[in-house]
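First up is the structure itself, then whatever we jot down about it.
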Amino acid sequence: MLAKICSAAVQGIEAYPIEVEVNAGWGDTKIVIVGLPDAAVRESQDRVVTALSNSGFKMPMGRTTINLAPADVRKEGPSLDLPIAVGMIAASEQMESDQLDNFVMLGELALTGAVRSVKGVLPMAIRAKADGRAGVLVPRENAAEAAVVEGLQVIPIQNLREAVSFLEGELAISPFKVDLAKMFDQLFDDEVDFSEVKGQESVKRALEIAAAGNHNALLIGPPGTGKSMLAKRLPTILPPLTLAEALETTKIHSIAGILPPGLGLVTRRPFRSPHHTASDAGLLGGSINPAPGEISLAHHGVLFLDELPEFKRSALETMRQPLEDGRVTISRAAGSVTFPAQFMLLAAMNPTPDGKMPSESKSSPREIQNYLGRISGPLLDRIDIHVEVPQVKFRELAAAQPGEPSANIRERVVAARRIQQARFADRPRISSNARMGSRELKIFCALDEAGQELLKFAMTDMNLSARAHDRILKVARTIADLAGSERIVPDHISEAIQLRSLDRQLWG
């Protein structure tokens with residue numbers, strides 16, 4: 001007898017349907033899996049056979065052929081265990097159900113027949129709805145993730161026997177539900193806050209500007225000045241994720257297998273802080289089976305690179321194109337996969353090898369230049385804001401009055417982002433000032449004569465590059481938005497230039 005079961009798999013961050021065809025025929029007892037299965041899928045026959053036995057089902061007699069269609073796409077991972085097992089039970093006439101075509105089935109089987117969680121459930125649930133399926137059968141641990149998709153029945157399954165009983169109509173299982181509004185209500189219950197940072201008002205202002213325009217920023221200062229402390233609090237002043245952004249971010253985290261158990265949706269902007277020993281593939285993504293790297297895991301959030309010069313030069317250079325395009329394409333022999341990578345880069349570094357400012361450092365000028373030279377000019381030009389983080393004075397540390405809370409700063413940031421959303425309403429490709437191209441700069445960053453003279457003087461005096469010129473205009477546009485000004489005035493240009501001046505003081 002032939003049975004057909006609906007399932008799905010993931011390629012990149014999108015899912016595609018898989019039809020599991022199981023045929024129980026005559027001949028010697030043998031199981032054959034075809035359709036480009038990888039090692040994990042080939043091994044599933046041993047897990048499935050044992051799970052069938054321990055769940056009270058009989059092993060099909062004769063030759064059992066399992067075809068995974070489409071046959072020209074490689075199948076990976078253990079998520080096909082459950083549909084294969086249900087297909088073998090149906091093909092051997094141990095169950096009768098008219099629901100097999102209505103539900104997509106996903107799950108790894110334990111030898112006991114228990115159903116274990118798998119990666120990538122959210123994109124596969126989205127695909128199931130797009131294909132017109134009534135619902136999905138998923139492991140209980142993945143139910144909250146799949147239930148984020150509205151209009152889809154999500155049936156949480158604990159074991160193989162339960163799945164079969166539900167499909168036969170002998171067991172009623174209520175679809176799993178989640179409250180999206182409640183998820184977002186808990187968004188700003190933060191453990192850290194900008195009010196805990198003493199002093200560093202100029203750095204806080206720079207980070208507010210960076211958050212308002214989604215600008216990349218570099219913090220330069222000696223150890224112990226609070227660079228990491230400030231960086232960890234940056235997500236608390238960023239605008240909340242929209243539902244579309246949250247779904248896209250959750251898909252990436254689900255595929256990577258880092259979504260916490262029971263969490264259905266990532267509602268906070270990601271904050272990723274890889275160690276400086278991270279490899280090229282660790283940052284960019286890759287391995288034999290392309291998986292998202294740190295820059296994709298930071299999508300719609302913050303990528304914090306502490307001790308920036310300590311990262312491998314090749315690893316840093318891999319970020320140049322994603323910083324411009326907002327996506328990364330990984331090419332392997334099996335094909336190419338594209339992951340989104342619209343992240344805000346926040347980096348921190350010491351000004352010299354011994355951690356002191358150049359005027360106080362015991363390092364030789366050559367040693368300092370070699371240290372700073374680990375960061376290439378093209379990468380540095382892609383960082384809009386460079387700000388010095390000085391030592392905090394004792395009176396600021398001893399002050400009893402807390403600093404401005406994150407909630408107040410976030411209100412100003414959100415107001416500036418709303419202005420940008422209205423500005424770029426007819427340009428869906430652009431979401432913030434940092435994403436403007438040369439055409440948008442001419443339209444939205446026009447300067448009066450005084451502003452042009454000031455910028456011309458800065459470009460000549462500081463010997464800034466053409467890309468730095470554009471970055472200053474983008475930052476000035478954001479400063480104007482924070483001030484609620486339609487025009488960019490010389491004061492805005494002046495502040496934007498100051499946020500770029502460390503570039504030439506250290507590297508010029």
Filter result (open to solvent by 40 Å² or more (accessible area, probe 1.4 Å), touching a helix residue (DSSP H, G or I) at 6+ places or on another chain (Cβ under 8 Å) and modelled with pLDDT of 85 or more) within segment 449-463: Ala450, Leu454
Helices (runs of 4 or more DSSP H) contained in segment 419-508 and holding at least 2 residues closer than 19 Å to Lys204 by Cα and among the hydrophobic types (A, V, I, L, M, F, W, C): 466-482, 490-498
Residue identified as open to solvent by 60 Å² or more (accessible area, probe 1.4 Å), out of contact with any Pro (no Cβ under 6 Å at 6 or more places or on another chain), within 30 Å of Lys198 (Cα to Cα) and polar (S, T, N, Q) among Ser359, Ser336, Ser331: Ser359
Condition check for Val32: touching a Lys or Arg at 6+ places or on another chain (Cβ under 8 Å) and assigned to a helix (DSSP H, G or I): no
Total residues in segment 346-393, condition under 28 Å from the mean Cα position of the chain (by Cα) and of a type in the set (S, T, N, Q): 2
Residues (modelled with pLDDT under 90 and part of a helix (DSSP H, G or I)) located in segment 284-312: Leu284
Any hit, segment 52-72, residues being closer than 18 Å to Cys6 by Cα, assigned to a loop (DSSP other than H, G, I, E, B) and in contact with an Asp or Glu (Cβ under 7 Å, 6 or more places away or on another chain): no
Condition broken by Ile209, with the remaining ones in (1) closer than 23 Å to Gly282 by Cα; (2) in contact with a helix residue (DSSP H, G or I) (Cβ under 6 Å, 6 or more places away or on another chain) satisfied: (1)
Segment 315-348: number of residues that are of a type in the set (A, V, I, L, M) and either over 30 Å from Ile430 (Cα atoms) or without any contact (Cβ under 8 Å) to a residue 60 or more places away in the chain (or both): 6
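Conditions tested, residue by residue: (1) among the acidic types (Asp, Glu); (2) within 30 Å of Pro405 (Cβ to Cβ).
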residue	(1), (2)
Glu108	yes, no
Leu111	no, no
Gly169	no, no
Glu191	yes, yes
Single match in Arg395, Arg374, Arg410, Arg382 (criterion: of a type outside the set (Asp, Glu) and modelled with pLDDT under 85): Arg395
Yes/no for Ile157 being more than 23 Å from the chain's Cα centre (by Cα), surrounded by fewer than 18 Cβ atoms within 10 Å (Cβ to Cβ), farther than 25 Å from Thr352 by Cβ and β-branched (Val, Ile, Thr): no
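The values are calculated or read from the model by the stated rules, or taken from the named source; none is laboratory data. Source: prediction; values computed, not measured. We place every Cβ from the backbone using ideal geometry, glycine too, and count neighbours over all the protein chains shown. SASA here: full protein model, heavy atoms, side chains in, ligands and nucleic acids out. Shrake-Rupley method; radii C 1.70, N 1.55, O 1.52, S 1.80 Å.
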